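The values are calculated or read from the model by the stated rules, or taken from the named source; none is laboratory data. What you see is a predicted model, and the numbers here were worked out from it, not measured in a lab. Glycine gets a Cβ as well: all are built from the backbone with ideal geometry, and neighbour counts include every protein chain shown. Remember, those area values only see protein heavy atoms, side chains included, never the ligands or the DNA or RNA. Shrake-Rupley method; radii C 1.70, N 1.55, O 1.52, S 1.80 Å.
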Amino acid sequence: RVGVSEEENDVFQILYRLCKLSMKMDMVDSWVTPDEAMNLQSKMLSLELILTMLRQSGPVFHNSPRFISCIRQHLCLSLLKNAVSPSPRVFNASLQVFVTLLVHFKHHLKQEISVFFNTVFLRILDSPNSTFQQKVMVLQLLHKICHDPQTIVDIYVNYDCDLSHTDIFGKVVSQLCRVCGGIQGQHAGGAITPDQ
């Protein structure tokens, strides 16, 4: 591409390839049998490297249309796939990448953030099919998000005060009240029980 430095192109290629690697379910070749441990290690390594890239990135990365596009098209898809992983390590790594995206890229990912909250995190807390460990990890994610007052204000202003988006802040508060207070509503199966 014209006007793009070799270093920027290299970083883009690395991010793109790591996103693809983090989505691979089976690395099957005609002569190699699938090895779940190797798949898990590859997925974890790629997610950890993506997390490091995002945390160490600067303003050029944060404002580059090319990187934002890669994050939207490939990283968000990877996170959606890995956020339903049965592996607690992969699920937790995906949550950590999401928090970093929320902190550094929230202005570019308004629609994507809404999808994550509504179709992944709040659904996990509400679902009787989610494991206790998944629910705890989502609660830890929400706890981490709530530690940054500006992020909470941004979520409220950008979603709850915007008539074209669903209320995320209100839903998060309702879920937290239900989980913490043990309110038994119509979706009582999704509550964390005292036995858990």
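Taking residues in region 78-98 that are farther than 14 Å from LEU21 by Cβ and open to solvent by 10 Å² or more (accessible area, probe 1.4 Å), and partners anywhere that are part of a helix (DSSP H, G or I) and among the β-branched types (Val, Ile, Thr), the pairs with Cβ atoms closer than 9 Å and at least 6 places apart or on different chains are LEU80/VAL115; LEU80/THR119; LEU80/VAL120; VAL84/VAL120; VAL84/ILE124. Tell me yes or no: at least one residue of region 59-74 is open to solvent by 10 Å² or more (accessible area, probe 1.4 Å), assigned to a helix (DSSP H, G or I) and under 24 Å from VAL138 (Cβ atoms). The answer is yes; a qualifying residue exists. Scanning region 8-28 for residues that are modelled with pLDDT under 85 and open to solvent by 80 Å² or more (accessible area, probe 1.4 Å) yields a count of 4. Does region 97-142 hold any residues that are under 15 Å from PHE169 (Cβ atoms), part of a helix (DSSP H, G or I) and not hydrophobic (A, V, I, L, M, F, W, C), and which are they? Matches in region 97-142: LYS110, SER114, ASN118. Figure legend. Inter-residue proximity from region 33-60: first residues among the aromatic types (Phe, Trp, Tyr), second residues modelled with pLDDT under 90 and open to solvent by 80 Å² or more (accessible area, probe 1.4 Å), beta-carbon distance below 9 Å, spacing 6+ or different chains. No pairs are indicated.
Any idea which of ILE192, ILE155 is at pLDDT 90 or above and of a type in the set (Val, Ile, Thr)? Quick ask: steps written out before the conclusion?
Working: ILE192 fails: at pLDDT 90 or above.
Testing whether each residue is at pLDDT 90 or above and of a type in the set (Val, Ile, Thr) leaves just ILE155.
Of all the listed residues (ILE168, ILE152, ILE145), the sole one being open to solvent by 30 Å² or more (accessible area, probe 1.4 Å) and more than 22 Å from PRO86 (Cα to Cα) is ILE152.
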